[in-house]
Protein chains: 2
Amino acid sequence: MAVSNGTASDEPSTATVDGVVTAVRDGIMQGRYAPGQRLPEADLVSLYQASRGAVRTALAQLENEGIVLRERNRGARVRPISLDEAVEITEARAVVEGLCAAKAAQRITTEEKKSLRALSDELRTAVEAGDVMAYTRANQEVHRAIRDISRHETAAHMLDRLRTQSVRYHYTVALLPGRPSVGMREHIEVIESVCSGDADLAEKTMRAHLMSVVDALQQLDANLHQW
Amino acid sequence: MAVSNGTASDEPSTATVDGVVTAVRDGIMQGRYAPGQRLPEADLVSLYQASRGAVRTALAQLENEGIVLRERNRGARVRPISLDEAVEITEARAVVEGLCAAKAAQRITTEEKKSLRALSDELRTAVEAGDVMAYTRANQEVHRAIRDISRHETAAHMLDRLRTQSVRYHYTVALLPGRPSVGMREHIEVIESVCSGDADLAEKTMRAHLMSVVDALQQLDANLHQW
DNA sequence: GTAACCAAGATTGTTAACAATCTAGTTGCC
DNA sequence: GGCAACTAGATTGTTAACAATCTTGGTTAC
């Protein structure tokens, strides 16, 4: 059997199309399904108690999202993502999240400023405690919050799609020496620039932050080639 | 029957999943299927001689692309796009095509400069002849060429998706008084900035061009509300 | 005359069986 | 021993029938 339910955290009960999609997507994003791993229809059927038709359309949708690869008569497998591709995705995120930051700076309310600044404290606490897991989560919270504040649905959809493809590398980047403190500083700058209401500044700061992630990725690449 | 094959230009012969997808997508983009129009499965089956399963997965894919709307037990219809949404889409295009222009400026070869500049002449000819159709086509050619030159696959995929959603408005914008000559000037500026090799300049010029399209859309909106 | 109700037709959702294709292991030949 | 052809099993693709749901038109009661 090529697929097994490693952690029993999620319910393997009867599922619909969307259920299978989210289950497999989460599995890939959490790293439970390895890149290149096969995803036979029969396994997913018995694992999630869904009909084969449901599994089939779910796989079609995941292929369309770009996280699953399908070959005719050869089935589906988890699409591997190269570091070059991760760089491209982060570059694309840089410009789209830059747009979000600009719009957010224009549209942010007083209450939203308050809850956004609360995330700064979360970041500090996580970095001081050396908690990489909490740091990564707070990071994602910052980006999600700014995306929501921007109220730009088109950009939000695009980022949803990009995120699912690249999340696998986030943990790796966070593990680079000195990365958490640098990232924290950048995130706080982003938060403050959005709260300032200056759209141009917010966009520039967000872009600079994500381009620094690109640099970190390429540094990662250099480290890998060294070994 | 809610669906009819108005023009007999495309082949209504036996089709696979991808065949149905491209046929319906083109139909929507060319305006043969009106916004809100119903797309009953049975009609598509007899029209494209495809199996119902194929039609079904095709509709699921089109829904995922955001150009078709489906409701449970109520079928599929062409998704209407509001002008607000068209503005959002164009804003998103502005930043992503800006990225492409920057990369294209860095990566363009001598031959590519030549073929890109040839498009400037096409634009001039079309505007001088007052041929809106040829003008629109040349416009799209410029954007596609820069996208290809950038060699940024992630951005290319995102633009593919955005394009299919917004094309319906392009003709309308082109019909605004004075628009073709303004658009021609902007496109030529974009072409020259990419050929100059200055990534920052190329990005700025491309963004300015698409933000001027946003202005034109909002002007269109004002005109509509006036009536 | 209006509104609630009901039934028939149309449309979509689901399931199961069958067909086509690929993979891996085995056998036979050189 | 190595390579090619073959066969059995596994896996995916396709089709058709059945079930569930919605829409529409007419009917009836008030």
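Using a label position 7 Å from Cα in the Cα→Cβ direction, what is the ascending list of nm distances from A:Val182 to the same site in the other copies?
A:Val182 label point versus its equivalents elsewhere: 4.4 nm.
Per DSSP H run of at least 4 residues, take -39500 (n - 2.57); add these up for the protein assembly as shown, divide by its residues and hand me the 222 nm value, nearest 500 deg cm²/dmol. Walk me through the numbers on the way to the answer.
On the way: 18 runs with 334 residues, N = 454.
-25000 deg cm²/dmol, from helical runs alone.
Full-extension gain between A:Gln140 and A:Lys204, please, as 0.36 nm times their residue separation minus the C-alpha to C-alpha distance.
21.1 nm
Could you state the angle between the C-alpha long axis of helix B:17-29 and the longest principal axis of the C-alpha atoms of chain B, as a value from 0 to 90 degrees rounded to the nearest 10?
60 degrees
Only Lys, Arg, Asp and Glu count, each charged at its Cβ (+1, +1, -1, -1), so figure out the dipole size of the protein assembly as shown about its Cα centre, rounded to 20 debye.
That gives a dipole near 960 debye.
Taking only the Cα atoms of segment A:83-226, how large is their convex hull per residue, in Å³?
Working: hull volume 12.7 nm³, N = 144.
Given the Cα convex hull of segment A:83-226, per-residue volume reads 88 Å³.
Just to confirm a number: summing +1 for Lys and Arg and -1 for Asp and Glu over residues other than B:Leu123 whose beta-carbon lies under 12 angstrom from that of B:Leu123, what do you get?
Working: positive: B:Arg117, B:Arg124, B:Arg137, B:Arg185; negative: B:Asp121, B:Glu122, B:Glu128, B:Asp131, B:Glu141, B:Glu186, B:Glu189.
So the surrounding residues net to -3.
Using a 7 Å offset from Cα along the direction of the beta-carbon, what are the separations from A:Gly31 to the same position in each other copy, nm, ascending?
5.3
Report, in degrees rounded to the nearest 10, the 0 to 90 angle that the Cα long axis of helix B:153-174 makes with the longest principal axis of chain B.
Computed tilt is about 90 degrees.
Specify the inter-centroid distance of segment B:150-227 and segment B:20-88, based on alpha-carbon positions, in whole Å.
26 Å
Taking the 0 to 90 degree range and rounding to the nearest ten, how far is the long axis of helix A:199-226 tilted relative to the main principal axis of chain A, both from C-alpha atoms?
50 degrees
Within the set of other residues whose C-beta is less than 11 Å from the C-beta of A:Gln140, count the net charge using Lys and Arg as +1 and Asp and Glu as -1.
Taking every other residue near A:Gln140 into account, the sum is +3.
Give the residue from A:Gln140, A:Ala126, A:Ala199 lying farthest towards the positive end of the charge dipole for chain A; charges sit on Cβ (+1 for Lys and Arg, -1 for Asp and Glu) and the dipole is referred to the Cα centre.
Among A:Gln140, A:Ala126, A:Ala199, the one farthest towards the positive end of the dipole of chain A is A:Gln140.
Count charges around A:Glu153 for me, please; just the other residues with Cβ under 12 Å from its Cβ, Lys/Arg as +1, Asp/Glu as -1.
For residues surrounding A:Glu153, the net value is -3.
Which far-off residues, 5 or more places away or on another chain, put their amide H under 5 Å from the one on A:Ala50, with H placed in the peptide plane?
It is A:Ala15, by chain and number.
Roughly how big is segment A:144-192's charge dipole about its Cα centre, with Cβ charges of +1 (Lys, Arg) and -1 (Asp, Glu), in debye to the nearest 20?
Dipole about the Cα centre, nearest 20: 220 debye.
For segment B:17-78, list log₁₀ I(q)/I(0) at each q in 0.19, 0.24 Å⁻¹, using the Debye formula over Cα point scatterers of equal strength and ignoring solvent, two decimals each.
-0.60, -1.01
Distances in nm, one decimal, shortest first, from B:Ser46 to the same residue in every other copy, taking the label point 7 angstrom along Cα→Cβ.
4.4
All of the numbers you see were taken from the coordinates with simple rules; none came from a lab. Note that this is a predicted model, so its numbers are computed, not measured. Every residue, glycine among them, receives a Cβ derived from its backbone with ideal geometry; neighbour counts consider all protein chains shown.
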